[in-house]
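Peer 1: Starting off with a structure, shown below.
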Amino acid sequence: MVIKELPSGPLMVNTYLVYDEESKKGFIVDPGGYDPKMMKIIAEEGLDIEYIILTHGHGDHIIGVPQYQQEIPNIKVLCAEAEIPMLSDAGYNMSRMFGQPTVITPDETVNEGDTLTIGGMDMKFVMTPGHSPGGMCIIMDGVVFSGDSLFQQSIGRTDFPGSSFNDLIKSIREKLFVLPDDTKVYPGHMGPTNIGFEKRYNPFV
């Protein structure tokens, strides 16, 4: 599994390109903006990108979706079912405040414990509400894409509409801190970390 981080969008969200070296199939996580470098890598590596996976629906994580849909034939957008109301409202998802109002209609939705296989890569989706009502994390072999649920020694903001500090702390403790300590965390902002480090040193949890 290859993971490439390409910060994008107005807040330089950590957008991830993930692919299986053998099958060349892959997916994009949280395209905060469109990045020609992403398309260059896809072309040079001969990748078949099947999905855009959204950890949640805030504008800084979704503004790049429409252009990638245009550029990549047959790509599907996947999110948590509970995040549909946010994705369908440019005010609620705050993309309008960035001057790029974006509304997304997902092709597929998931709920707690659902799984997906892309190429030789298996993933499980766990719902981690708190930063947003339909926030979720993507768990793979030794890796978790945590969106804005868990950061390096920090957590996602909980002062937005639909946010809840108590729900987020519960989500982190019950869904993420049960993972092996050496699980690498790829967050939506800031640098990577791991579960063991956050269990010991994250002051919010």
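Values quoted throughout were computed directly from the atomic coordinates according to the rules given, and no laboratory measurement underlies them. Computed from a predicted model, the values in this text were never measured in an experiment. Glycine also receives a Cβ, built like all others from the backbone with ideal geometry; neighbour counts cover every protein chain displayed.
Peer 1: Among the residues that make up the stretch 23-34, is at least one of them over 10 Å from the mean Cα position of the chain (by Cα) and of a type in the set (Asp, Glu)?
Peer 2: Within the stretch 23-34, not a single residue is over 10 Å from the mean Cα position of the chain (by Cα) and of a type in the set (Asp, Glu).
Peer 1: Separate question: Return yes or no: is ALA80 among the aliphatic types (A, V, I, L, M) and free of Cβ contacts under 8 Å to residues at least 12 places away in the same chain? Reasoning before the result, please.
Peer 2: Details: among the aliphatic types (A, V, I, L, M): yes; free of Cβ contacts under 8 Å to residues at least 12 places away in the same chain: no.
Considered against the rule, which asks whether it is among the aliphatic types (A, V, I, L, M) and free of Cβ contacts under 8 Å to residues at least 12 places away in the same chain, ALA80 comes out as no.
Peer 1: Report the residue count in the stretch 186-205 for those that are in a strand (DSSP E or B) and in contact with a Pro (Cβ under 8 Å, 6 or more places away or on another chain).
Peer 2: Final tally of qualifying residues: 2.
Peer 1: Can you give me the number of residues within the stretch 165-185 that are out of contact with any Pro (no Cβ under 9 Å at 6 or more places or on another chain) and either at positive phi or among the basic types (Lys, Arg) (or both)? Break it down into steps so the answer makes sense when it comes.
Peer 2: First pass over the stretch 165-185, keeping only residues out of contact with any Pro (no Cβ under 9 Å at 6 or more places or on another chain): 165-166, 169, 172-183.
Applying the additional criterion that residues be either at positive phi or among the basic types (Lys, Arg) (or both) yields 173, 175.
So the count comes out to 2.
Peer 1: From (1) farther than 18 Å from VAL13 by Cα; (2) without any contact (Cβ under 8 Å) to a residue 40 or more places away in the chain, pick out the condition that doesn't hold for PRO31.
Peer 2: Among (1) farther than 18 Å from VAL13 by Cα; (2) without any contact (Cβ under 8 Å) to a residue 40 or more places away in the chain, the lone unmet condition for PRO31 is (1).
Peer 1: Does any residue of the stretch 50-67 turn out to be crowded, with 18+ Cβ neighbours inside 10 Å, more than 19 Å from MET136 (Cβ to Cβ) and out of contact with any Gly (no Cβ under 6 Å at 6 or more places or on another chain)?
Peer 2: Taking every residue of the stretch 50-67 in turn, none turns out to be crowded, with 18+ Cβ neighbours inside 10 Å, more than 19 Å from MET136 (Cβ to Cβ) and out of contact with any Gly (no Cβ under 6 Å at 6 or more places or on another chain).
Peer 1: I've got another one for you. So, restricting to strands (runs of 3 or more DSSP E) that lie completely within the stretch 95-185, which ones have at least 3 residues that are crowded, with 20+ Cβ neighbours inside 10 Å and out of contact with any Phe, Trp or Tyr (no Cβ under 6 Å at 6 or more places or on another chain)?
Peer 2: Working: elements: 108-110, 115-118, 121-127, 136-140, 143-147.
Because the criterion is at least 3 residues that are crowded, with 20+ Cβ neighbours inside 10 Å and out of contact with any Phe, Trp or Tyr (no Cβ under 6 Å at 6 or more places or on another chain), the strands (runs of 3 or more DSSP E) in the stretch 95-185 that meet it are 121-127, 143-147.
Peer 1: Can I ask one more? Taking SER154 as the residue in question, decide whether it is touching a residue at least 24 places away in the same chain (Cβ under 8 Å), among the hydroxyl-bearing types (Ser, Thr, Tyr) and over 16 Å from ILE52 (Cα atoms). If you could, list the steps in order and put the result at the bottom.
Peer 2: Working: touching a residue at least 24 places away in the same chain (Cβ under 8 Å): yes; among the hydroxyl-bearing types (Ser, Thr, Tyr): yes; over 16 Å from ILE52 (Cα atoms): yes.
Yes: the conditions hold for SER154.
Peer 1: When the stretch 85-94 is examined, which residues are found to be part of a loop (DSSP other than H, G, I, E, B) and within 14 Å of HIS56 (Cα to Cα)? Show your work before the answer.
Peer 2: We begin by selecting, within the stretch 85-94, every residue part of a loop (DSSP other than H, G, I, E, B); these are 88-94.
Answer for the stretch 85-94, where residues must be part of a loop (DSSP other than H, G, I, E, B) and within 14 Å of HIS56 (Cα to Cα): SER88, ASP89, ALA90, TYR92, ASN93, MET94.
Peer 1: Taking into account only those residues within the stretch 137-163 that are among the aliphatic types (A, V, I, L, M) and out of contact with any helix residue (DSSP H, G or I) (no Cβ under 8 Å at 6 or more places or on another chain), which is nearest to ALA82 (Cα to Cα)? Please lay out each step first, then the result.
Peer 2: Going residue by residue through the stretch 137-163, those that are among the aliphatic types (A, V, I, L, M) are 138-140, 143-144, 150, 155.
Within this subset, residues satisfying the condition of being out of contact with any helix residue (DSSP H, G or I) (no Cβ under 8 Å at 6 or more places or on another chain) are 138-140, 143.
Details: ILE138: 15, ILE139: 18, MET140: 22, VAL143: 23 Å.
Filtering the stretch 137-163 for residues that are among the aliphatic types (A, V, I, L, M) and out of contact with any helix residue (DSSP H, G or I) (no Cβ under 8 Å at 6 or more places or on another chain), the one nearest to ALA82 (Cα to Cα) comes out as ILE138.
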